[in-house]
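Single-structure report; data block below.
Please treat every number below as a calculation from the coordinates, not as lab data. Values in this document were obtained by computation on a predicted structure and should not be read as measured data. Using ideal geometry, Cβ is built from the backbone for each residue, glycine included, and neighbour counts are taken over all protein chains shown.
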Amino acid sequence: MPQKFYTQTIQAIEQELDTSEKVGLAQVEAQRRLAKNGKNVLASQKKKSMFSKFLDQFKDFMILVLILAAIVSGVVAGEWTDAGIIMFVVIMNAVLGVVQESRSEAAIEALKNMTTPEARVKRDGKIVQIPSTELVVGDIVLLEAGDVVPADLRLVTSESLKIEEAALTGESVPVEKDKATLENNDVALADRVNMAYSSTNVTYGRGEGIVVATGMQTEVGKIATMINEADETDTPLKESLNQLGKTLTWMILAICAVVFIVGVLRNPANEAGSSLMIDMFLIAVSLAVAAIPEGLPAIVTIILALGTQTMAKHKAIVRKLPAVETLGATDIICSDKTGTLTQNKMTVEQVYYDGSLHQANEPIDENSNLMQVMLLANDTKIEETLLGDPTETALTQFGLDKGIDVAELLKVKKRIQEVPFDSERKLMSTINESDGKYYVAVKGAPDELLKRVSNLSAVEKDKILAANKEMAQNALRVLGLAYKEIDQPYEKATTENVENDLNFAGLVGMIDPERPEAKEAVAEAKSAGIKTVMITGDHQVTAQAIAERLGIIEAGQDSRVLTGSELDKLDDAYFKAHVGDYSVYARVSPEHKVRIVKAWQANDKIVAMTGDGVNDAPSLKQADIGIGMGITGTEVSKGASDMILADDNFATIVEAVKQGRKVFSNIQKAILYLMSCNVGEVLTVFIMTIMGWDVLQPVQLLWINLVTDSLPAIALGVEPIESGIMKRKPRGKKSNFFSGGVASSVIYQGVLEGVLVLVVYMLGLQIGPHVSNHTLQHGDALTMAFLTLGLIQLFHAFNSKFIHQSIFRKQTFKNKWFNWGIIISAIIMAAVELPFLTNVFKVTELDLDQWLAVLGTGCLMILIVELVKLVQRKTQNLN
């Protein structure tokens, strides 16, 4: 169990760590501890060499199959060009894999860079400045506004100290710190007010603390450890390609064996010599090479790359190509609240004055006491941007929005005295002078402020408290405002003489509001069957209110909100079974976020996790796809992400989902096209072998593959988005590229293609100028089969544009790249009929009737598939 310093007294910690709050450590002792425990830095993962990373890329099953195909194609079949193309694809994929690797390394390096370079500490009773890397447990560190906390500290003094911990806890407002010992033994990280954590930012006040943890023992160090240890999940894309590779390998082995054996056995015994066996072996190998869509990895890579370009235009920057397709399969979006669903900017939403509650957009008298106190009892610095505590900058921005020249007001009513904010009394006061008049402005916790107000009746106070309660229930952070006028400044301004006999000015309610477009984005995700889950370090009331406003839960659905402490009480089995019951998680730690993601994954859900803080990094890496924020996100969260939102806009995620679904759909179309064509090729050669007919030559099979497997398949990858794609439910983790009717379409369309080619072959024996010449007659028939097999695939590419829908629509010809791809491929395919190429490809020159038979068969392919699709739509109610 980790030591809980927040429950220990300062004296007990001093004794345990052998240090002194007043004098700190001796320099000699500090050096001894540094030598023993190491520097205050985050450890990196052991980095792989570039060569190791390169070799890792060849562990993929499909890649091994392609390498085998290249070897067989080159060494046995002598087709070195084809072998070279295959190896080029393999090596290109390996290089891309190496370039895109090391997300964890990048995240850890970013964590390192967040640590402050210098720290002020007490050594031998003197205050000295040392590199933060040399801090040791027991050091006494001094903090002031602007500092980055250099290690985990137990606070020993706290003077109006506020620390912004959003990057670590998700808390949107700086935390007011206090040195008092906490009695509860189970306090959430965000509520440990007597602790200061490494890499967080001091925004206000001063303090001192004893170093209780350094390096990897700090809370941010624990996050670094989780980043290192987080499971790397295979993307659905990778799993599908691996499955496809294994299936193809067994099919290829069977094809090679059957075609070879049947081909040899079909010939008379006296012909079954070594020459026949070599010929049949080459044909079997050529067919096997043709059966492997060796261009598939390259085509998938190109489709994904084009998808990333489109997504980049929509402000979604993809760091790893498979993330494009994975996002399209998302079932759950686990979203951080602060800065992702909300604006990460405190904003005035309601004000209470003159006995009633008003919305922030209502007009207000700029000279009212409410506005005067709001702007005077305020430490915001007005420069190009507003600098200061988010709560106070929100008040100043409210004044600016009302058209008040705040800078001029502060000059006219100059501050001459003040009583700084104190966490015990929870108030702040200023005394401002203008033309010999003195104005006291006080703001703070409403309950504490009302104790010092004298101009209210009991009924009025009850009404104010009721308004305060109503605003708080709506998750607003409420401040009370009061004032009084005095004849002369105080000799010494204190809470006793300044903060009494006050006049009530009003209440102001603030919140970190939801992004305007987020509600619509959540609704669109819901219509697409995607569940949005809010995970935040903020308070339960705040989280629930924002979730209700966004439509993540309905009003009053308290049971769907779970806190981190409540989650700790649930065992893994129960939580896995009931994770779907919860939509909002509040006051959570980094460990909780990872646990939530894992619970959804255990239910076979594909999980996307959005986040911007250091605390999000482990869950971003654990998720199937991590989505970092480009503007407010830390470098750590960006480094652990698969995709970064350049505009931090939740709505961009929905657009990215749409693009991801389009990418998967287009990959399915390419696979349908490639695999059905390969089935047609296999069936053609197999039947020809069984029947003892002339068989297509290796050069012909490889030429068909080269022409038809490139441009048309790539062009299918840039098909526009189909209408209604965001009305479909997520396809599920168990789905693959053959789901949704693709598998059955591959089979029947491939069989149809093969049958039509064989019909053309038999027809070629009956028509043409060489019917009377047996040798040329067979040559014509084989040439017709060859050209039909190549060109029918180009006709079939149109069928593949829609798996179930008709191609007779305007959208069919909308893709100009597809149109040109088909035209170019058709010209290249028909070029074998040029006189100087006929011998190379072992073909004869066809006459007009034979060409009409070839082209007519291609048209027939389209018509038959259209008829089948029509029947499917009518009988299966397909969209």
## Note on the structure
For GLN557 and THR385, extending 7 Å from Cα along the Cα-Cβ vector and measuring point to point gives, in nm, a value of 3.5 nm
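Which of the three applies to the range 508-609, rounded, prolate or oblate, going by the alpha-carbon gyration tensor with a ≥ b ≥ c and a/c under 1.5 meaning rounded?
Numbers: a/c = 1.97, a/b = 1.28, b/c = 1.54.
Taking the square roots of the gyration eigenvalues as a ≥ b ≥ c, the range 508-609 is oblate.
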### Message
For a quick check: sort LYS621, LYS669, LYS727 by the number of other beta carbons within 10 angstrom, fewest at the front.
### Response
LYS727, LYS669, LYS621
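Would the range 402-461 count as rounded, prolate or oblate if I go by the C-alpha gyration tensor, calling it rounded below 1.5 in a/c and otherwise prolate when a/b exceeds b/c, oblate otherwise? Please report the intermediate quantities before stating the final value.
Details: a/c = 2.02, a/b = 1.66, b/c = 1.21.
Cα axes put the range 402-461 in the prolate bin.
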### Task
Measure out, as a whole number of angstrom, how far apart the alpha-carbon centroids of the range 447-473 and the range 640-665 sit.
47 Å
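Starting from 0.36 nm per residue, how many nanometres of slack lie between ILE486 and GLU833 once their C-alpha separation is accounted for?
Details: separation 347, 0.36 × 347 = 124.92 nm, distance 10.46 nm.
Taking 0.36 nm per residue and subtracting the Cα distance, the gain is 114.5 nm.
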### Task
Would you calculate the separation in nanometres between label points at ALA407 and LEU456, each defined as 7 Å from the Cα along the Cα-to-beta-carbon direction?
3.6 nm
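Can you figure out the FRET efficiency of ASP568 with ILE823, using R₀ = 60 Å and their beta-carbon distance, to the nearest 0.05? Walk me through the numbers on the way to the answer.
Details: r = 64 Å, r/R0 = 1.07.
For ASP568 and ILE823, the calculated efficiency is 0.40.
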### Message
Set the bar at 29 Å for Cα to Cα. Now go through LYS345/LYS443; LYS345/LYS727; LYS526/LYS816; LYS729/LYS814; LYS126/LYS222; LYS177/LYS451 and name every pair that lies beyond it.
### Response
LYS345/LYS727; LYS526/LYS816; LYS126/LYS222
### Query
With the Cα gyration tensor of the range 667-718 giving a ≥ b ≥ c as the square roots of its eigenvalues, does the rule (a/c under 1.5 for rounded; else a/b larger than b/c for prolate; else oblate) give rounded, prolate or oblate?
oblate
### Query
Most exposed first by the Cβ proxy, i.e. fewest other Cβ within 10 Å, how do TYR352, TYR748, TYR439, TYR483 rank?
TYR748, TYR439, TYR483, TYR352
### Summary
Here the range 802-809 yields Karplus 3J(HN,Hα) values (6.51, -1.76, 1.60; θ = phi - 60°; whole Hz; Gly and Pro given as x) of 9, 5, 10, 7, 6, 8, 7, 8
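Can you tell me the convex hull volume per residue for the range 347-509, based on C-alpha atoms, in Å³ to the nearest whole number?
On the way: hull volume 18.2 nm³, N = 163.
Taking the convex hull of the Cα positions in the range 347-509, it is 111 Å³ per residue.
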### Query
Roughly how big is the range 347-509's charge dipole about its Cα centre, with Cβ charges of +1 (Lys, Arg) and -1 (Asp, Glu), in debye to the nearest 20?
260 debye
### Query
Taking the Cα-to-Cβ direction at ILE317 and at SER527 and moving 7 Å from each Cα, how far apart do the two end points lie in nm?
3.1 nm
### Query
Relative to the present Cα-Cα distance, how much length would full extension add between VAL258 and LEU870 at 0.36 nm per residue of separation?
216.7 nm
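Subtracting the Cα-Cα distance from 0.36 nm times the residue separation, let me have the gained length for ILE631 to VAL541 in nm, one decimal. Numbers along the way, then the final one.
On the way: separation 90, 0.36 × 90 = 32.40 nm, distance 2.69 nm.
Working it through step by step, the gained length comes to 29.7 nm.
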#### Entry: Charge context of ASP186, other residues only, Cβ under 13 angstrom, K/R +1, D/E -1
0
### Query
In which sequence would VAL141, VAL211, VAL28 go, from the one with the fewest C-beta neighbours within 10 Å to the one with the most?
VAL28, VAL141, VAL211
